[in-house]
Amino acid sequence: MASLYFKYAAMNSGKSTQLLQAHYNYIERGMHPVAMTAQLDNRYGEGKITARIGIDLPAYTFNKETNLYDFIRQQNDKAPVDALLLDEAQFLTEEQVFQCAKVVDKLDIPVMAYGLKTDFLGKLFVGSEALLRLADNIEEIKTICWCGSKATQTARVSDGEVVRAGAQIAIGGNDMYTSLCRKHFTDGDLGLQVKKIRSVA
């Protein structure tokens, strides 16, 4: 029986690395996984899932108009699909999350969605909120704050300060975002003095 999985975390937790590993595991066993990522996240080029450790994977892309159920059904008609792996799942619409559930329930194909839970203001993304409601299995991928505590928040940073206003979606990497524990996210403390001391030591 297939399931809908949601694996979430703050930035720089290795979400894409885990997806790439899962994809490799399917391929290694002679199976046919389909990988997809958000069209709007083109930091490394459109249609590519890239991990910070330097590996990447060509992938199909989705936007708000993509019907994921229809797409996977068509792919499955060409060659049996053993799994759908979705990167940047926070950018799914609520309707697309229901389409993912339909892929699981009607086609018996597991769907593994990887993404952020909350935005830079600590608010749920639409896709993440729907996945938290509908997923059969929910897993937090852990990462750490500069202080060593578990990071649960993704902060947007500009000129050494935590940004507290702006559009929910702004594509960027380590130059724009960092992961913080709740305390330092709330305080807006980026630990810059600690980082300076460590870089000198």
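What number of residues in the range 67-96 are touching a helix residue (DSSP H, G or I) at 6+ places or on another chain (Cβ under 7 Å), in a loop (DSSP other than H, G, I, E, B) and either at pLDDT 95 or above or within 21 Å of residue 1 (Cα to Cα) (or both)?
Start the filter on the range 67-96 by keeping residues that are touching a helix residue (DSSP H, G or I) at 6+ places or on another chain (Cβ under 7 Å), which leaves 67-69, 72-73, 76, 81-85, 87, 89-94, 96.
Remaining after also requiring in a loop (DSSP other than H, G, I, E, B): 67, 81-82, 87, 92-93.
Retained after the next criterion (residues that are either at pLDDT 95 or above or within 21 Å of residue 1 (Cα to Cα) (or both)): 67, 81-82, 92-93.
So the count comes out to 5.
Can you tell me how many residues within the range 97-122 are of a type in the set (D, E, K, R) and either in contact with a helix residue (DSSP H, G or I) (Cβ under 9 Å, 6 or more places away or on another chain) or closer than 24 Å to residue 51 by Cα (or both)?
The qualifying residues number 4.
Conditions (1) in contact with a strand residue (DSSP E or B) (Cβ under 7 Å, 6 or more places away or on another chain); (2) of a type outside the set (Gly, Ala, Ser); (3) at pLDDT 90 or above, marked per residue:
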position: 130; (1), (2), (3): no, no, yes
position: 139; (1), (2), (3): yes, yes, yes
position: 148; (1), (2), (3): no, no, yes
position: 153; (1), (2), (3): yes, yes, yes
position: 158; (1), (2), (3): no, no, no
position: 164; (1), (2), (3): no, yes, no
position: 169; (1), (2), (3): no, yes, no
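Among the residues of the range 97-115, write down those that are of a type in the set (Val, Ile, Thr) and assigned to a strand (DSSP E or B). Steps first, answer last, please.
Restricting attention to the range 97-115, the residues satisfying the condition of being of a type in the set (Val, Ile, Thr) are 97, 103-104, 109, 111.
Within the range 97-115, 111 is the sole residue that qualifies.
Does any residue of the range 156-169 turn out to be surrounded by fewer than 18 Cβ atoms within 10 Å (Cβ to Cβ) and under 17 Å from the mean Cα position of the chain (by Cα)? Give the steps one after another, and end with the answer.
As a first pass, look at the range 156-169 and keep what is surrounded by fewer than 18 Cβ atoms within 10 Å (Cβ to Cβ): 158-161, 163-169.
After this cut, where a residue has to be under 17 Å from the mean Cα position of the chain (by Cα) as well, the list is 168-169.
Yes; the residues of the range 156-169 include at least one that is surrounded by fewer than 18 Cβ atoms within 10 Å (Cβ to Cβ) and under 17 Å from the mean Cα position of the chain (by Cα).
Could you list all residues from the range 108-149 that are hydrophobic (A, V, I, L, M, F, W, C) and touching a residue at least 60 places away in the same chain (Cβ under 8 Å)?
If we filter the range 108-149 for residues that are hydrophobic (A, V, I, L, M, F, W, C), which is where we start, we get 109, 111-113, 116, 120-121, 124-126, 130-132, 134-135, 138, 141, 144-147.
The answer is 109, 111, 112, 113, 116, 131, 132, 134, 135, 138, 141.
Quick one: is residue 57 in a strand (DSSP E or B), surrounded by 13 or more Cβ atoms within 10 Å (Cβ to Cβ), at pLDDT 95 or above and of a type in the set (A, V, I, L, M)?
On the way: in a strand (DSSP E or B): yes; surrounded by 13 or more Cβ atoms within 10 Å (Cβ to Cβ): yes; at pLDDT 95 or above: no; of a type in the set (A, V, I, L, M): yes.
Taking the combined requirement at face value, the residue does not satisfy it.
Being hydrophobic (A, V, I, L, M, F, W, C), in a strand (DSSP E or B) and surrounded by 16 or more Cβ atoms within 10 Å (Cβ to Cβ) is the filter here; which residues of the range 139-155 pass it?
Going residue by residue through the range 139-155, those that are hydrophobic (A, V, I, L, M, F, W, C) are 141, 144-147, 151, 155.
Retained after the next criterion (residues that are in a strand (DSSP E or B)): 144, 155.
155, the sole residue that qualifies.
The values are calculated or read from the model by the stated rules, or taken from the named source; none is laboratory data. Every value quoted in this text rests on a predicted model; they were computed, and no experiment measured them. So basically every Cβ, Gly included, is an ideal-geometry build from the backbone, and we count neighbours across all protein chains shown.
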